[in-house]
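Undergrad: Just dropping this structure here.
The values are calculated or read from the model by the stated rules, or taken from the named source; none is laboratory data. None of these values were measured; they are calculated from a predicted model. Neighbour counts run over all protein chains shown; Cβ positions are idealised from the backbone, glycine included. In case anyone asks, the SASA skips ligands and DNA or RNA and just uses the protein heavy atoms, side chains included. Shrake-Rupley method; radii C 1.70, N 1.55, O 1.52, S 1.80 Å.
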Amino acid sequence: MHAALKPLAWIKGIWKTKNPGVGKYPTIKSFQYCERTTFGSIGQPMLTYSARSWYADTKDPIHYEVGFLKIMPDTNRVQMLLSHNRGFTTIEEGVFENKIIKLKTIYIGKPTEGTRPPAITELRRQFELVGDCLQHTLCMATENTPEVQEHLLATYVRECN
């Protein structure tokens, strides 16, 4: 692991939901989901990242996102660059302190066609180590719901390092 990543070493590994997470939003029916999230090292000042989720009851796939969590060396600033299977990309920036990473989108890109409305206008997420578990909260705003609202909340256990 790159030396610059030492402050984020706690998040490296494969994480799986401990119990089904909860998905909700004002415009959809609430649901439960399972997810496997991986933070891996490639020897540079960034971690690879992937998260794949599925409905807890039917096992049907929901979402898949891949990218990188980059640290700005010698700072507490991070960037998350992601590509989402729903046809958009995001750049999120934020900070980490202790065992908490807070991120907010600064860019959301989408192709001219092939994505379904409503468009996402903002994402905020937090990863927090709580005991031996990783908690992930994702909040979202869309063109139909302009105020940021909690969308996903899940707690993960480490599957392996």
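Undergrad: Take the conditions open to solvent by less than 50 Å² (accessible area, probe 1.4 Å) and among the hydroxyl-bearing types (Ser, Thr, Tyr) and apply them to Thr115. Does it pass?
TA: So Thr115 passes the test.
Undergrad: Starting from residues that are closer than 19 Å to Glu150 by Cα and not hydrophobic (A, V, I, L, M, F, W, C), keep the ones in region 88-104 and report whichever is most open to solvent (accessible area, probe 1.4 Å).
TA: My answer is Lys102.
Undergrad: Looking at region 98-106, can you tell me whether even one residue there is modelled with pLDDT of 95 or more, in contact with a Gly (Cβ under 8 Å, 6 or more places away or on another chain) and among the hydrophobic types (A, V, I, L, M, F, W, C)?
TA: Within region 98-106, one or more residues are modelled with pLDDT of 95 or more, in contact with a Gly (Cβ under 8 Å, 6 or more places away or on another chain) and among the hydrophobic types (A, V, I, L, M, F, W, C).
Undergrad: Here's a follow-up. I want to confirm something. Restricting to region 34-71 and keeping residues that are free of Cβ contacts under 8 Å to residues at least 24 places away in the same chain and closer than 21 Å to Ala4 by Cα, which single residue is nearest to the chain's Cα centre (by Cα)?
TA: My answer is Ser50.
Undergrad: Quick one: which of Tyr107, Tyr156 is open to solvent by less than 50 Å² (accessible area, probe 1.4 Å) and either over 19 Å from His63 (Cα atoms) or among the aromatic types (Phe, Trp, Tyr) (or both)? Break it down stepwise before answering.
TA: Values: Tyr107 fails: open to solvent by less than 50 Å² (accessible area, probe 1.4 Å).
Residue meeting the stated conditions: Tyr156.
Undergrad: Within region 118-132, work out how many residues are open to solvent by less than 30 Å² (accessible area, probe 1.4 Å), more than 15 Å from the chain's Cα centre (by Cα) and within 18 Å of Phe39 (Cβ to Cβ). Steps first, please.
TA: Filtering region 118-132 down to residues open to solvent by less than 30 Å² (accessible area, probe 1.4 Å) leaves 119, 123, 125, 127.
From what's left, more than 15 Å from the chain's Cα centre (by Cα): 119.
Next cut, within 18 Å of Phe39 (Cβ to Cβ) only: none.
The qualifying residues number 0.
Undergrad: Could you count how many residues in region 88-104 are touching a residue at least 24 places away in the same chain (Cβ under 8 Å), more than 16 Å from His63 (Cβ to Cβ) and either among the acidic types (Asp, Glu) or not in a strand (DSSP E or B) (or both)?
TA: Adding up the residues that qualify gives 1.
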